[in-house]
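Worksheet for the structure shown next.
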Amino acid sequence: MSAAIRIRGLTVRYGPLKALDGISLAAARGACLGIVGESGSGKSTVLRVLTGLAPDWQGEVEVGGRLLAGARRDLAFCRDVQMVFQDPYGSLHPRHTIDAILDEPIAIHRLGDPARLIPQALADVGLPADVRFRYPHQLSGGQRQRVAIARALLPEPSILLLDEPTSALDVSVQAEILNLLMAIQERRGLTAILVSHNLAVVAHMCPRVLVMDRGRIVEELDRDALDAGQVRSPQAIALVAASRHVRSQASNAGR
Amino acid sequence: MTTPLLEVSGLRVAFPGQDGPREVVRGISFTVGREKVGIVGESGSGKSMTARAILDLIPPPGRVSADRLAFAGEDLTRLRPKERARLRGRRIAMVLQDPRHALNPVMTVGAQLAETFQVHHRLGRGEARRCSIEALDAVHIRDPERVVRLYPHEISGGMGQRAMIAMMLAPGPELLLADEPTSALDATVEAGILETLDELVTARGMGLVLVSHDLDLVAAFCDRVLVFYAGRIVEELPARDLAQARHPYTQGLLACVPRLGERRRELPVLRRDPSWAAS
Ligand SMILES: Nc1ncnc2c1ncn2[C@@H]1O[C@H](COP(=O)(O)OP(=O)(O)OP(=O)(O)O)[C@@H](O)[C@H]1O
Ligand SMILES: Nc1ncnc2c1ncn2[C@@H]1O[C@H](COP(=O)(O)OP(=O)(O)OP(=O)(O)O)[C@@H](O)[C@H]1O
Ligand SMILES: [Mg+2]
Ligand SMILES: [Mg+2]
């Protein structure tokens, strides 16, 4: 099994804090690797190192067989590795229309005819054609998130880094996006890392799942174990229990 | 009968479009008492715009109209903008959907929180700082002493969401409108935040409007649920009956939810019926 992404002993420091404390992981080519864990445990930091958004890190990071250094990434890398950020508002230029936002990767990577590609990209994520000439602040939260997903899919990357891609979406749009990602994965052998707080979404998408806590990986699960709640680390046990608790009617008995 | 905390009747929000105004909220009516009201519904169906209209936060050129919009019996539409602004943040608070965007990017989290405490509780600087740390601790942020010194771009998504919640709860509002307040939180922290909110409703009599895409969570946590579709309420029901919803849209939504232990190759998606948006 060849790994599309391999990380060894990755450490990221912010002052005295170790946001990542020597983690190692491998994402198999053509599969989706899930990452779950408490808020603040370092999940987004892993993705930021990969895309060159974390300036300072120690360790070994290999993407598509090439070792990365620092924060520099070449144009080919930027086309081949796409990321959907946790915060769609922050990642879309506030004074650019959706049209301009989607045209940017098309122009940079010479992807083809924007008049054909942009409407298709919008339709793929279930957005009506008339959002094309609006600004990000003129869209709902879920609509903005879908623009970010459309932009990441446009260059047909071979690696997709997804940070909470569907947490702002209603469950029907979420289902459409997850089905779309699955279909692309089957068609093109896309490798993905999916960070999500929704354990059911992770189990649906990812054969393998990592559990993080305070900058470390504390457990590695396969999806059957997650489905069955057969987890060992205290952190994973707490996550599964809390996830069931907040979603079960029993938690409200006696009100 | 006691006056409800919030009365909304015939609320409409419109934005100018290419062929005349486009209504995104099309005649919404509901009331909120000292209870937990959930709002679910399609992306773009007008949930956030409804909450923003109540707080007079619709950006121009958006236009709001309502047959009645009242807080604790007081007609909000008759208040002057200044009086309305005073109500906002003090007696009615809103947790916005994009928390990190809503925080001031050039002020540390601690400075923003301390300012809130200084303004609303007339505290001195040292006291306000201590309250800020306590407030972050109350929303389950580990190491609040470190986090108060960070700027919004230096905190994680879920920490931003919790900082926002802490800031909105600081003045002790009577009504909290929370737009996806736990969407960036893991289940463990989420459970803690929900418990805090529940306490405020049961112990202090706060009213809570919770906008969420998590149907199972809303069913378990809230008292009542409003289902939004295309700018209207298509169904209203007791939260515990959500699984037995009548409207085909609500039923369709429930079918799309992935659940642990229920593996499906492909998730069902909704086939939208134009008649849901009419009537
Ligand atoms: N620029 C920075 N300066 C200081 N601390 C930082 C900076 N960036 C990140 N951190 C810290 O690193 C830790 C990990 O952050 P990260 O965003 O990776 O968490 P996360 O697991 O994605 O959390 P969430 O689920 O809430 O998004 C946090 O404690 C955060 O405050
Ligand atoms: N400034 C604006 N100008 C024009 N249309 C707008 C503006 N802001 C929002 N809209 C539109 O109003 C509709 C309702 O938006 P709203 O933000 O209330 O949706 P929502 O139900 O909160 O959706 P989500 O679940 O995705 O957050 C959307 O179709 C959106 O595109
Ligand atoms: Mg994150
Ligand atoms: Mg919204």
Give the percent of DSSP beta bridges with both residues in the protein assembly as shown that are antiparallel, rounded to the nearest 5.
55 percent
At B:Arg272 and B:Asp19, where each label point lies 7 Å from the Cα along Cα→Cβ, what is the point-to-point distance in nanometres?
1.7 nm
Largest fluctuation, B:Asp75, B:Asp137, B:Asp19 only, Gaussian network model of chain B with Cα springs under 10 angstrom, belongs to B:Asp19
Does anything in region B:16-58 have its amide N under 17 Å from the 7 Å Cα→Cβ label point of B:Ala138, and if so which residues?
none
Nearest 10 degrees, 0 to 90: what angle lies between the long axis of helix B:157-169 and the longest principal axis of chain B (Cα atoms)?
80 degrees
Report the rotationally averaged projected area of chain B based on its alpha-carbon convex hull, in square nanometres.
17.0 nm²
Mean ellipticity per residue at 222 nm, deg cm²/dmol - from DSSP H runs of n ≥ 4 across chain A, formula -39500 (n - 2.57)
-11000 deg cm²/dmol
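Suppose R0 equals 45 Å; then what is the FRET efficiency for A:Asp74 and A:Ala225 from their Cβ-Cβ distance, rounded to the nearest 0.05?
0.70
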Take the alpha-carbon centre of region B:244-279, take the same for region A:166-200, and report the distance between them in whole Å.
17 Å
Using only protein heavy atoms and a 1.4 angstrom probe, determine the accessible area buried between B and A, summed over both sides, in Å² to the nearest 100.
4500 Å²
Loop GluC sites (Glu not before Pro), region B:1-83 (other Cβ atoms within 10 Å of the site Cβ: 10 or fewer; DSSP):
none
Measuring from label point to label point, each 7 Å out along Cα→Cβ, what is the A:Ala107 to B:Ala243 span in nm?
5.3 nm
Projected label distance in nm at B:Glu262 and B:Thr196, using a 7 Å step from Cα toward the beta-carbon
3.0 nm
Could you give the C-alpha radius of gyration of region B:162-260 expressed as a fraction of 2.2 N^0.38 Å, taking N as the number of residues it contains?
1.13
Given a 1.4 Å probe and every protein chain left where it sits, what share in percent of the accessible area of chain B is carbon and sulfur?
49 percent
Neighbour cut-off at most 15 other Cβ (10 Å), DSSP loop, trypsin sites (Lys or Arg not before Pro), region A:89-120
A:Arg95, A:Arg110
Which lysines does B:Lys47 reach when only Cα atoms under 23 Å apart count, and residues fewer than 8 places away in its own chain are ignored?
B:Lys36
Convex hull of Cα atoms in region B:71-175, direction-averaged projection (nm²)
7.0 nm²
Post the alpha-carbon centroid distance, region B:1-60 to region A:227-242, in whole angstrom.
39 Å
Just how large is the dipole of chain B about the Cα centre, in debye to the nearest 20, putting +1 at every Lys and Arg Cβ and -1 at every Asp and Glu Cβ?
640 debye
Below 8 Å, C-alpha to C-alpha, sequence gap of six or more: please give me the relative contact order for chain B in percent.
24 percent
What is the extension gain from A:Gln138 to A:Val218, computed as 0.36 nm multiplied by their sequence separation minus the C-alpha to C-alpha distance, in nm to one decimal?
24.7 nm
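The values are calculated or read from the model by the stated rules, or taken from the named source; none is laboratory data. These numbers come from a predicted model, not from an experiment. Positions of Cβ are backbone-derived with ideal geometry, glycine not excepted, and every protein chain shown enters the neighbour counts. Accessible surface is based on the protein model in full, side chains and every heavy atom, while ligands, DNA and RNA are left aside. Shrake-Rupley method; radii C 1.70, N 1.55, O 1.52, S 1.80 Å.
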